[in-house]
Every structure is written in structure tokens, then in C-alpha cells.
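To start, the structure itself, in C-alpha cells.
Since every read-out is calculated from the coordinates, none of them should be taken as a lab result. Treat the numbers as computed from the prediction; the structure is a model and nothing was measured. Counting neighbours? That spans all protein chains shown, and the Cβs are built from the backbone with ideal geometry, glycine included.
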Amino acid sequence: MTVVKAENVVKDYGLNGNTVHALRGVNLEFQGGEFAAIAGPSGSGKSTFLHLAGCLDTITSGNISIGGSDTARLSKTQLALLRRNSIGFIFQAYNLIPVLTVEENIGFPLTLLGIDRGEIRERVAQALEDVGLEDMAKRRPKEMSGGQQQRVAIARALIKKPALILADEPTANLDSKIGREILELMVALNKKEGTTFIFSTHDSMVMEFARRIVHIRDGMIENDEVKSA
Ligand SMILES: Nc1ncnc2c1ncn2[C@@H]1O[C@H](COP(=O)(O)OP(=O)(O)OP(=O)(O)O)[C@@H](O)[C@H]1O
Ligand SMILES: [Mg+2]
């Protein structure tokens with residue numbers, strides 16, 4: 001099944017009366033169960049693509065479908081439901097809620113889904129263990145390092161077991177040992193739950209784990225490399 005389908009996607013940003021051409025006609029498809037990386041130099045359009053695929057921003061022209069629905073045809077409410085139910089985000093700015101503790105931040109997506117408190121507690125405990133933050137459940141984001149906050153964001157994205165996870169440089173602030181552990185956790189989730197992962201990355205370790213690497217440059221796809229099994 002096609003999870004993300006981008007057709008001739010153009011994204012321009014307006015900047016002080018000028019136009020920045022971030023994506024210049026991108027055609028890309030991702031199937032369910034893929035473990036794929038988007039690689040390219042700084043400014044090439046990786047984050048822009050992930051934001052559009054996550055329905056967090058509007059496209060200038062072209063089309064993006066998620067799970068077969070054309071996002072241009074969905075209402076704001078339908079888009080919000082799609083994001084809440086089906087997509088997990090791990091972004092460069094971690095978007096943690098400062099007033100909530102680590103465990104509250106991680107459990108928040110489940111609270112929104114109306115899951116009962118006992119189950120949330122169990123799943124949060126498991127997620128904390130998965131990312132190695134058992135001892136930090138009661139801290140607030142500002143009391144942690146950048147890499148620790150990133151792991152909270154990862155746990156929060158994984159906890160609702162979404163069909164699609166979009167991760168913008170998920171290992172950027174992690175040392176290589178923790179980065180590897182997190183990637184192994186994602187591979188396990190990909191195998192067990194069939195979760196589709198799309199990363200943006202500069203990290204050779206992420207590219208080593210990825211089964212497909214899409215190279216992007218100046219807002220255009222340069223090369224799409226699927227590794228043989
Ligand atoms: N909100 C914005 N307003 C104006 N220009 C923007 C905005 N966001 C991104 N850009 C520009 O769009 C282009 C693509 O940016 P994007 O963030 O997608 O790159 P990237 O590949 O993720 O880079 P990096 O590896 O540094 O994270 C860049 O030229 C960037 O300066
Ligand atoms: Mg980026």
C-alpha cells in the first residue's frame with residue numbers, strides 16, 4: 001500500500017519579498033513498511049518535504065496523498081485527525097511541552113486518543129525503558145540535555161504506534177551508541193508493527209540502517225537508491 005505519494009510537489013517560501021524555491025517538482029512514493037532515508041546537503045529541502053508529508057504546512061503546487069487520501073481535499077479537522085491517529089513526528093525542534101514532565105510529555109498523544117490512565121502508565125514505562133530514560137520520568141524538558149530531550153521526543157512519537165513516522169535528523173544530537181540503540185528500536189518496530197519510517201539525515205549510521213536512500217539536492221530528487229535485500 002502507498003503510504004505517501006508526492007506528485008510534482010513545489011514548495012516556495014516567501015522571504016522579505018523574495019521567493020525561496022525549497023522544492024522544485026518532487027515525485028516520490030513510499031510504500032507501507034519502508035525504512036527510508038532522505039539525504040542531501042543543508043538547505044536541500046529535506047525538512048520541508050517531511051513537513052509537507054506530515055500535513056504540517058501547505059504545498060505551493062502539486063499533490064500529496066497520505067494513505068490514499070489527497071491532502072488537498074481534506075478539511076482542517078480531517079487533517080488534524082490524520083496527524084493524530086496515523087503519524088508520529090520526531091522533529092529538529094523537539095516540540096516538547098515545557099510545563100509537562102517527561103512521562104506526561106510521552107503519554108500526551110495517548111491522552112489525546114482517550115486511552116485509560118492505567119494503560120498509559122504501562123506504555124509510558126515501557127517507552128521510557130526503550131529510550132533509556134527510566135530515571136528521568138519526573139523531570140521537565142529544560143532540566144535535560146538536548147540528546148535526552150530528543151529521546152523524549154522519540155518515545156512520544158513511538159508510543160502511539162502510528163502507521164507512519166517522520167523523523168527529521170533523529171540521531172543528530174545523540175552519541176553513536178545511543179543513536180544505534182534508537183535505530184535498532186525503530187528497526188524492531190518496523191519489523192514487528194510494519195511501521196513506515198521516513199528519515200531525513202546526514203548521519204552515515206542512519207544511511208547504513210536505511211533500506212532505501214533518496215538523495216535530494218536543490219529541491220530536486222537526484223537519485224533514489226533501494227538496497228538489495
Ligand atoms: N520558513 C521558511 N522561510 C523561508 N525559507 C525557508 C523556510 N524554511 C526553509 N527555508 C529555506 O528552504 C530551503 C530548504 O530548507 P530545509 O529546511 O527544507 O532544508 P534541509 O535540507 O532540511 O536542511 P538542513 O540539513 O540544514 O536541515 C532552504 O533554502 C531554507 O533556507
Ligand atoms: Mg532540515
Handout entry: Between 0 and 90°, nearest 10: helix 117-130 axis offset from the chain longest Cα axis
Key = 70 degrees
Practice task
Calculate, in nm to one decimal, what SER176 and SER69 gain on full extension: separation in residues at 0.36 nm each, minus their alpha carbon distance.
Solution key: 34.7 nm
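Provide the FRET efficiency to the nearest 0.05 for the ALA125-GLN92 pair, computing r from the beta carbons and using R0 = 41 Å.
Values: r = 27 Å, r/R0 = 0.67.
Efficiency at R0 = 41 Å is approximately 0.90.
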Handout entry: Volume of the Cα convex hull of segment 107-187, divided per residue and given in Å³
Key = 100 Å³
Exercise for the section: For a quick protection proxy, order the peptides 172-179, 67-74 by their average other-Cβ count within 10 Å, most packed first. Expected result: 172-179, 67-74
Handout entry: Degrees, to the nearest 10: 176-193 long Cα axis against longest axis of the chain
Key = 80 degrees
Completion exercise
Dimensionless Rg/Rh of the chain, both radii on Cα and Rh by Kirkwood, sits at 0.96
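Let me know the charge dipole size of the chain about its Cα centre in debye, to the nearest 20, where only the beta-carbon of Lys, Arg (+1) and Asp, Glu (-1) is charged. Don't jump to the answer; show the numbers that get you there.
Working: 27 positive and 28 negative charges, 93 e Å.
Roughly 440 debye, rounded to the nearest 20.
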Practice task
Can you check how the C-alpha radius of gyration of segment 58-123 compares to 2.2 N^0.38 Å, as a plain ratio?
Solution key: 1.39
Exercise for the section: Mark the label point 7 Å from the Cα of LEU15 along Cα→Cβ and return the residues of segment 30-51 whose backbone N is within less than 19 Å of it. Expected result: 40-51
Practice task
Compute the long axis of helix 76-86 from its Cα atoms, compare it with the longest principal axis of the Cα atoms of the chain, and write down the angle in degrees, 0 to 90, nearest 10.
Solution key: 60 degrees
Handout entry: Potential extension, LYS76-LYS192 segment - 0.36 nm per residue separation minus Cα distance
Key = 38.6 nm
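So between LYS227 and LEU100, what do we pick up on full extension, going 0.36 nm a residue minus the alpha carbon distance?
Working: separation 127, 0.36 × 127 = 45.72 nm, distance 4.12 nm.
Extra length available between LYS227 and LEU100 comes to 41.6 nm.
Which GluC sites (Glu not before Pro) does segment 92-190 hold that lie in a coil by DSSP with at most 16 other beta carbons within 10 Å?
On the way: sites: GLU103, GLU104, GLU119, GLU122, GLU129, GLU134, GLU143, GLU181, GLU184; in loops: none.
Here no loop site has a sparse enough neighbourhood.
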Practice task
Between ALA53, ALA157, ALA125, find the one with the highest GNM mean-square fluctuation for the chain; connect C-alpha pairs within less than 10 Å.
Solution key: ALA125
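With Kirkwood's inverse mean 1/r over C-alpha pairs for Rh, give me the Rg to Rh ratio of segment 33-75, two decimals please. Could the numbers behind the result be given before it?
Numbers: Rg = 11.8 Å, Rh = 11.8 Å.
Expressed as Rg/Rh, it is 1.00.
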Fill in the blank from the handout: Using alpha carbon positions and the Kirkwood radius, the Rg to Rh ratio of segment 1-120 is 1.01
Practice task
Let me have the 222 nm mean residue ellipticity of the chain computed from DSSP H runs of 4+ only, each contributing -39500 (n - 2.57), with the sum over all residues rounded to the nearest 500.
Solution key: -11000 deg cm²/dmol
